[in-house]
Amino acid sequence: MQGGDRNFDSTVFNGGIVYGLSPEVNVFANFAQGFSVPDLGRVFRRPPAGAVNILDSLQLTEPQKVDNYEIGIRGQWNNLQASIAGFYNFSDLGSDFTVTDDDFLETVRAPQRIYGIEAAVDVQPAENWKLGGTLTWTEGENDEDDDGEYLALNSITVPPLKLTAYVENQTLKGWRNRLQLLYSGNRDRAFEDAVEDAGIDSYLTVDYLSSIKLGQGELQIGIQNLFNNQYFPVYSQYFAPFFDSANYAGKGRTLSVGYRISW
């Protein structure tokens, strides 16, 4: 296939506003435009039938311009910090991939919208104690046929619900201990829309982290997947039906020890 060259340019706009409801609470809204070039390597590692050179594949190689909208509220008090925001992103020519009948990844350019909610909370209930968590829910779809009928994006592009939580204690001066939890939820929508070969199952992991000031640095000890839970990451679950070498479980209980010096 003959090579070629392309020039990309665009003008994008960004703006935001914050309004204080009280000294502790404010609401905010943002509009931002993003501009990016698609993964040309993926496009031309397996070009579509009939592609002759880069100039003939304008839709595949056209940059992606995205309109991003966000609105939310956040508050900060002596022992509590919290925020929640909703977002909506739209592109006339989004960039995604799909799996072909012969198990290759093919780039898809089509109208695309992604939306969701993000929330976070941190609390300091007593001296030497901290706890908190986050929630991220995202959904998205595109219109491959450009007929107004949107189908779900795959679970690599749009991951399932994600929850995190932690509790941390300053056990002694210079010694901190922390337990943290990660929950990745189910996602069946892409499977129901025949975008994926199987639904995504949920899983839960817990990590223990300890840090001790030692000398000029900090000794860090961690136990990932503390309860040795067997689970399959989203990436593995997505690719497993057609790419057997990706069908592997996440790491079991893993001990790590490190020493960090900051200067």
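Condition (residue is of a type outside the set (A, V, I, L, M), at pLDDT 95 or above and under 19 Å from the mean Cα position of the chain (by Cα)) applied to the range 167-179: is it met by at least one residue?
No - not one qualifying residue is present in the range 167-179.
Looking only at the range 93-152, count how many residues are at pLDDT 80 or above, assigned to a strand (DSSP E or B) and either among the polar types (S, T, N, Q) or under 30 Å from LYS173 (Cβ atoms) (or both).
Within the range 93-152, residues that are at pLDDT 80 or above, assigned to a strand (DSSP E or B) and either among the polar types (S, T, N, Q) or under 30 Å from LYS173 (Cβ atoms) (or both) number 14.
Using the structure shown, decide if TRP129 is in the same structural domain as SER202 (by TED's automatic domain parsing) and among the aromatic types (Phe, Trp, Tyr).
Criteria not met by TRP129.
On the given criteria, is VAL43 part of a helix (DSSP H, G or I), aliphatic (A, V, I, L, M) and at pLDDT below 90?
When the stated conditions are applied, VAL43 passes them.
Scan LEU161, LEU135, LEU131, LEU153 and give me the residue that is under 25 Å from PRO241 (Cα atoms) and free of Cβ contacts under 8 Å to residues at least 40 places away in the same chain.
LEU161
For the range 226-251, what are the residues that are farther than 23 Å from ARG187 by Cα and not aromatic (Phe, Trp, Tyr)?
Residues satisfying the conditions are LEU226, ASN228.
Restricting to the range 229-263, name every residue that is surrounded by 15 or more Cβ atoms within 10 Å (Cβ to Cβ) and small (Gly, Ala, Ser).
Listed by number, the residues that qualify are SER236, ALA240, ALA246, GLY250.
Strands (runs of 3 or more DSSP E) wholly in the range 160-238 with at least 2 residues that are closer than 22 Å to GLY116 by Cα - which ones?
162-172, 175-184, 203-214
I'd like to check something: does the range 195-202 contain any residue that is crowded, with 16+ Cβ neighbours inside 10 Å, under 22 Å from PHE242 (Cα atoms) and at pLDDT 90 or above?
Yes; the residues of the range 195-202 include at least one that is crowded, with 16+ Cβ neighbours inside 10 Å, under 22 Å from PHE242 (Cα atoms) and at pLDDT 90 or above.
The values are calculated or read from the model by the stated rules, or taken from the named source; none is laboratory data. Owing to the predicted nature of the structure, the values given are computational and were not obtained by experimental measurement. In this analysis, Cβ positions are derived from the backbone assuming ideal geometry, glycine residues included, and neighbour counts consider all displayed protein chains.
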